[in-house]
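A single structure is presented below for examination.
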Amino acid sequence: MFCGSKLLAVEVMEEEKNRRRKRSSFGPGFLVAAAFIGPGTVASCSLAGANFGFALLYALVFATITTIILQEMTGRLSLGSKSDLGQSLRELPQSQATKILFAILVLFSITFGCAAYEAGNIIGGTLGLEMATSIPRKYWIALISIAAILILNRGKYRLIEKFLVFLVFLMSVSFLMTVILVKPNFISILKGVIPSFPKNSLYLVLALIGTTVVPYNLFLHSSAVKEKWKTASHLKDLKKDLYLSIGLGGIISASVVVASAAAFYEKGIPLEKGLQLSEQFKPLFGPLANFLFGLGLFAAGLSSAITAPYAAAFASSGVLGWKGGHDSQNFRGVWLGVILVGFIVSSFNLNPLAVIISAQVANGLILPIASILLLFILNNRQKMGDLANNSLQNLLGGLVILVVTILGIWNILKLFFK
């Protein structure tokens with residue numbers, strides 16, 4: 001009888017473990033989705049819908065597919081090699097001089113880039129709180145900065161993961177319900193999937209792609225996969241997580257475009273200032289539109305304000321070979337520094353233009369470089385084993401690299417040649 005009870009207890013424990021595994025099959029992809037669905041994405045998608053209707057939806061389709069391809073490669077890298085992208089890149093240079101130069105390039109591009117965009121995340125989140133409360137956003141800057149510090153200071157990946165998954169689902173439900181209620185013309189939406197370039201639309205096409213295909217997300221996702229899953233047997237979980245989270249992120253972005261097109265473009269109303277963004281929610285929430293859209297924008301700002309410094313810390317740790325993980329002083333120092341830079345630029349009304357331009361140049365360089373090196377590593381069968389790239393994956397990866405290289409060069413050139 002005792003043995004029977006013991007066996008039953010073991011079966012119950014195994015069943016509970018299986019349930020936990022199923023529940024935990026999502027996560028790293030949602031960090032990526034939470035990272036790119038920030039205030040910049042909401043603003044770019046709103047402008048695209050308000051100015052060009054559904055015509056630029058194809059840019060989001062391309063960006064979403066590109067993100068899935070690149071992030072699948074970074075996740076597979078971690079499963080196959082047991083190293084994240086930062087660690088793998090650190091192993092590539094041979095001489096000490098090239099290692100130092102490479103480390104400087106990556107750290108400047110990723111850490112400095114994250115710090116530059118952190119200010120935009122904080123400002124976007126405070127704009128959302130200003131919509132929700134009518135209290136000027138300058139009073140909310142410290143709140144968002146402190147909230148990001150407190151969440152990251154907990155040092156628990158699963159806590160951060162669950163919080164960001166919740167924010168992504170919250171935003172998706174709001175925008176999808178809005179799209180359903182505004183009853184858009186679905187034939188026009190389908191036409192928007194066909195590439196076209198209306199006059200003066202190229203800058204928004206680049207913005208839609210640039211806010212979705214983000215260089216630091218390669219490092220973030222790779223490190224998160226290494227943190228969550230340990231063996232190649234989790235490849236199916238990795239893909240399921242990516243398809244759902246990035247697909248959902250693309251749908252959220254497209255929903256913003258559709259809602260904005262219905263609220264502004266089809267009514268001939270120009271979108272002139274941020275506070276008008278809540279017009280998209282009026283069909284759903286009426287007088288509560290400002291409050292609820294403000295909360296959504298705050299969630300987008302906070303999610304990106306958490307993931308940007310988190311990604312910078314992961315990338316720096318991998319490239320420089322720091323030990324200790326989340327609990328190391330170096331890891332904490334990087335994410336804290338990124339948040340403080342964002343706080344300073346936001347609170348003292350410094351002109352962030354020079355910083356953002358430098359970040360765009362850096363990111364325009366690092367995305368093609370990181371993608372090329374990623375493809376190189378994934379073809380190393382000694383390192384990757386059965387998870388090395390096949391011919392189709394190399395073809396898709398090569399096409400993606402070609403496009404992101406052209407976009408990177410274009411983004412750099414347009415900063416200097418108006």
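Please list, by residue number, everything in the range 72-92 whose backbone N is under 19 Å from a paramagnetic label point 7 Å out along Cα→Cβ of N379.
72-78, 80-81, 88-92
Share of Cα-Cα pairs in the range 148-228 beyond 19 Å, in percent? All intermediate terms of the calculation are to be shown ahead of the outcome.
Details: 2081 of 3240 pairs.
For the range 148-228, the fraction of Cα-Cα distances above 19 Å is 64 percent.
Over 28 Å between Cα atoms, which of K138/K282; K183/K240; K199/K239; K162/K226 qualify?
Numbers: K138/K282 26 Å; K183/K240 30 Å; K199/K239 38 Å; K162/K226 17 Å.
Over 28 Å Cα-Cα: K183/K240; K199/K239.
On each of the three principal axes of the Cα atoms of the range 27-416, give max minus min coordinate, whole Å, ordered largest first.
The Cα atoms of the range 27-416 stretch 60, 44, 43 Å along their principal axes.
Give the residue from W335, I135, Q393 lying farthest towards the positive end of the charge dipole for the range 27-416; charges sit on Cβ (+1 for Lys and Arg, -1 for Asp and Glu) and the dipole is referred to the Cα centre.
In the range 27-416, that residue is Q393.
Read-outs throughout are calculated quantities, based only on the coordinates presented, and are distinct from any laboratory measurement. Quick caveat, the model's predicted, so the values are computed rather than measured. Here the Cβ is made from the backbone with ideal geometry for all residues, glycine too, and neighbour counts use every protein chain on show.
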